[in-house]
Amino acid sequence: MNSADRSLALVLVSHGGMARVRLADGTAVLARATGRELQFACGDQVHCNYDARHDQWQLDAIAPRRSALYRTNARGRPELVAANLDCLAVVLAPLPEPDLFVVDRYLAAAHSAGLTALLLANKADLEFSPGVRAELAAYTAAGCELLSCCAQSGAGLTALKARLQNQRSMLVGQSGVGKSSLLRALVPGADAAVGELLKGDEGRHTTSVSCLHDLPGGGALIDSPGVRDFAPALEYLDARTLGFAEVALLAPRCRFADCAHLQEPDCAVRAAVDEGSMSARRYESYRRLYRLHQQLRARAPRGRRKS
Ligand SMILES: Nc1nc2c(ncn2[C@@H]2O[C@H](COP(=O)(O)OP(=O)(O)O)[C@@H](O)[C@H]2O)c(=O)[nH]1
Ligand SMILES: [Mg+2]
Ligand SMILES: [Zn+2]
């Protein structure tokens, strides 16, 4: 190995210590992480070396990230979902029935990671229930961007393309909402690309890993596996607002600077809920996340506590 082999590569797919990376010269190769403690994900810029003796590319360092999206994994540990994203596109549809608490937790994670968030209401050929429609209106009233589209008919896709252009975005959301359909509609040849990316890795299902794709005209789009639930990594959540945009706006008007917006007197957040200008369901969502946050802080060893 010599230092001339050293080049910055982009992680297109990552799983279990392996990554399909795109080298500086544009070729995609499979690389194995040299250290078990290296945590990398789709979108990471990494240093790779070719190990001629083993005929194997090695991934041995990760370049500093401009953003990092984390979740809590099944063992309760923070896990990197994607790196260097600009935008998180949370996809929902009339079918399957949206779980808006999951949507809220994605938005909270995006907000806390400094990403812009976009609600993508797909399957515009179907109708949302009146209850969900009211909640969607509450999201936009709270300043959340909402785009309606239809992967099937193509409606709304021109506006969506323009919105995603020159950005790196990730499609997330429940299984079956149409993430992969949207990807296919926006990235010609995406299916073939996924097959190519997972080549030599037959055990992998295209539906179980995130894949980064170039958008025609600039930017990139990451498709992600469908989820039933999503928990942000609580240690990366903004402790004051838990990533709730309404709370961030209202909190400066609370009487106490450290108001948790639960029982405190003169709380601007509770006042907004009482008068109907903040969605009661969003507030309930905030309270659930707050409880989770408290539980985690109580359990966390001191060194891991943040704020
Ligand atoms: N009616 C309707 N069905 C759609 C639309 N987009 C995707 N679907 C269907 O929804 C199902 C799930 O789509 P898929 O892209 O696999 O969802 P994912 O799990 O989020 O990746 C498939 O049967 C798609 O054909 C749409 O705009 N309208
Ligand atoms: Mg999919
Ligand atoms: Zn308050």
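Listed values, structure above:
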read-out: Formal net charge of residues neighbouring Ala190 (Cβ-Cβ distance under 13 Å; K, R +1; D, E -1); value: -2
read-out: Dipole in debye (nearest 20) - the range 68-223, about Cα centre, beta carbon charges: Lys, Arg +1; Asp, Glu -1; value: 220
read-out: Ordering of 58-68, 217-227 by burial proxy (mean other Cβ atoms within 10 Å per residue, highest first); value: 217-227, 58-68
read-out: The range 238-304: radius of gyration and largest Cα-Cα distance (Dmax), Å; value: 12.4, 41
read-out: Proximal charge balance of Ala248 [Cβ under 15 Å; K/R count +1, D/E count -1]; value: -1
read-out: Cα-based Kirkwood hydrodynamic radius, the range 33-150, one decimal, Å; value: 16.7
read-out: Degrees between helix 130-141 axis and first principal axis of the chain (Cα, 0 to 90, nearest 10); value: 80
read-out: Bridge type composition, the chain - antiparallel percent by DSSP, nearest 5; value: 60
read-out: Selection from Ala239, Gly178, Tyr286, by position along the positive dipole direction of the chain (Cβ); value: Ala239
read-out: Area projected by the alpha carbon convex hull of the range 115-269, averaged over all directions, nm²; value: 11.8
read-out: Selected from Val90, Gly76, Ala142, residue furthest toward positive end of dipole (the range 42-154; charges at beta carbon); value: Gly76
read-out: Per-residue [θ]222 nm for the chain (sum of -39500 (n - 2.57) over DSSP H runs n ≥ 4, rounded to 500); value: -8000 deg cm²/dmol
read-out: Antiparallel content of DSSP bridges confined to the range 3-62, in %, to 5; value: 85
read-out: Ordering of 167-178, 278-289, 46-57 by burial proxy (mean other Cβ atoms within 10 Å per residue, highest first); value: 167-178, 278-289, 46-57
read-out: Cysteines not pairable in the chain (beta carbon separation under 4.7 Å absent); value: Cys42, Cys48, Cys87, Cys144, Cys149, Cys150, Cys211, Cys267
read-out: For Leu85, net neighbour charge (Lys/Arg +1, Asp/Glu -1) across residues whose Cβ lies under 14 Å away; value: +1
read-out: For the chain, fraction of C-alpha pairs farther apart than 25 Å, in %; value: 53
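Bear in mind that the values in this text are calculations on the coordinates, not laboratory data. Source: prediction; values computed, not measured. Note: ideal-geometry Cβ built from the backbone for every residue, glycine included; neighbour counts use all protein chains shown.
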